[in-house]
Amino acid sequence: GLTWSKRYDSLVNSPHGPVQLSDGRVLYAGKQLWRENPRVGVAVSEDDGVSWSWLAEIPAREGDDPQQYHELHAVEAADGRLIAQIRNHNPNNQSETLQSESADGGSTWSAPRSIGVWGYPSHLLRLDDERLLMTYGHRRSPIGNQARISSDHGRTWSEPILISQDATSTDLGYPTTVQRDDGVLVTVWYETMADNPKAVLRSAHWRLGAV
């Protein structure tokens with residue numbers, strides 16, 4: 001981290017960044033911003049992020065404005081399907097996380113659908129046991145961060161698991177989770193505390209049982 005390369009244009013923007021696929025490609029689900037043709041979809045790199053090409057657009061759900069889709073993140077499920085989740089600000093399912101899937105390596109995507117999760121934006125992680133974990137900010141009571149598990153490669157999601165619920169402000173979220181070699185999950189998020197006007201980073205170490 002002492003020295004860095006020049007910046008590369010990754011074509012899309014999203015806070016949780018890209019994910020590496022089993023075939024070696026790096027997939028970045030996001031939104032094109034500040035361009036003549038803004039689109040929501042995925043870019044791909046075959047040289048570890050040095051160069052990027054546009055792969056596919058994620059189609060809008062009927063009645064939705066795709067410009068109200070924000071802050072995507074994707075993961076590769078154990079069955080090879082790609083799962084992308086989307087922060088939604090359309091009137092239908094507003095403030096919920098929507099989900100789109102690809103069964104052909106990202107070349108085509110389904111129209112986003114509701115998965116019944118209020119909260120955003122989500123971070124997706126494939127666990128060592130091949131279940132999928134989504135973590136996301138929850139800005140209404142209980143205010144904090146939550147997680148859900150999928151045991152069927154993203155087709156359905158569990159009831160919420162509370163990671164934190166002691167926030168004094170809704171100015172928080174964007175959790176990211178990693179799994180250590182010992183199975184412990186580490187989730188990090190930003191939060192504005194009651195005694196400090198400047199946001200800080202908080203973390204939680206937790207274990208996941210059968211869900």
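Overview of results
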quantity	calculated
The range 60-157: relative contact order as a whole-number percent, Cα under 8 Å and 6+ apart	22 percent
The range 133-156-the range 1-80 distance, computed between alpha-carbon centres (Å)	22 Å
Estimated translational D of the range 4-106 in µm²/s (Stokes, Kirkwood radius over Cα pairs; 37 °C; 0.692 mPa s)	234 µm²/s
Environment charge at ASP171 (Cβ cut-off 9 Å; Lys +1, Arg +1, Asp -1, Glu -1)	0
At q = 0.15 Å⁻¹, base-10 log of I(q)/I(0) for the range 142-181 (Debye sum, equal scatterers on each alpha carbon)	-0.46
Histogram of C-alpha separations across the chain, 5 Å bin width, %	1, 7, 15, 19, 19, 17, 13, 7, 2, 0
Segments 145-155, 62-72 sorted - mean Cβ within 10 Å per residue, highest first	145-155, 62-72
Solvent-accessible area of THR135 with every protein chain in place, 1.4 Å probe, in Å² to the nearest 10	0 Å²
Mean accessible surface per residue for the range 112-177, computed with a 1.4 Å probe while every protein chain stays in place, in Å²	40 Å²
Net charge over other residues, Cβ less than 11 angstrom from the Cβ of HIS205 (K, R count +1; D, E count -1)	+1
For LEU132, net neighbour charge (Lys/Arg +1, Asp/Glu -1) across residues whose Cβ lies under 11 Å away	0
Exposure of ARG39 as accessible area (Å², to 10), given a probe of 1.4 Å and all protein chains	60 Å²
The chain: relative contact order as a whole-number percent, Cα under 8 Å and 6+ apart	12 percent
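The values are calculated or read from the model by the stated rules, or taken from the named source; none is laboratory data. Note that this is a predicted model, so its numbers are computed, not measured. Every residue, glycine among them, receives a Cβ derived from its backbone with ideal geometry; neighbour counts consider all protein chains shown. In case anyone asks, the SASA skips ligands and DNA or RNA and just uses the protein heavy atoms, side chains included. Shrake-Rupley method; radii C 1.70, N 1.55, O 1.52, S 1.80 Å.
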